[in-house]
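What follows is a set of notes on a single structure, which appears directly below.
Values in this text are rule-based calculations from the coordinates and carry no lab data. Just so it is clear, the structure is predicted and the values come from calculations on it, not from any experiment. FYI the Cβ positions are ideal-geometry reconstructions off the backbone, even for glycines, and counts take in every protein chain you see.
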Amino acid sequence: MQNRTNRYVNITPEDLRDKFERKDDFLLLDVRMPAEHMADTIEGSILLPVQELGFRIKELPKDREIVVYCRVGNRSAYAAAYLARLGYTLMNLDGGIMAWNQCETCALAAM
């Protein structure tokens, strides 16, 4: 894991893979648009576009860690900072799904 910033932690694809392998209890949150989610997703993730966070916030559990991702990490960093300010426990996937897809051993762990 990397340094804490804005009360959330950036994690690498390998860190996320390790969470899957340990069977950690966490919510994987995709904050991209529906078309992006349909085209490519990390198995087990739920979709909640960043534009909808403000009015769908009650759908997210405060008692579970949330790992947020987007395409390359910008939208998810914004979402992670926003949710962290509201008291959620957050991690942001550094590099987003693009970095996840580049990790040769990651996708198998999510299955």
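Footprinting exposure proxy ranking of C106, C70, fewest other C-beta atoms within 10 angstrom first, gives C106, C70. Full extension of the segment from K58 to F26, taken as 0.36 nm per residue of separation minus the current Cα-Cα distance, would add 9.9 nm. Among G96, G73, G44, the residue with the largest mean-square fluctuation in a Gaussian network model of the chain, with springs joining Cα atoms closer than 10 Å, is G44. Cysteines in the chain lacking any other cysteine Cβ under 4.7 Å from their own Cβ: C70. When T12, T105 are arranged by Cβ crowding within 10 Å, least crowded first, meaning fewest neighbours, the order is T105, T12.
This structure gives volume of the Cα convex hull per residue in Å³, computed directly, and of (1) 90; (2) 183; (3) 99 that value is listed as (1). Scanning residues 5 or more positions from T89 or on other chains, those with amide H under 5 Å from its amide H are I66, with H placed 1.01 Å from N in the peptide plane.
Calculated mean residue ellipticity at 222 nm for the chain: -10000 deg cm²/dmol, from DSSP H runs with n ≥ 4 weighted as -39500 (n - 2.57), summed, divided by the residue count and rounded to 500.
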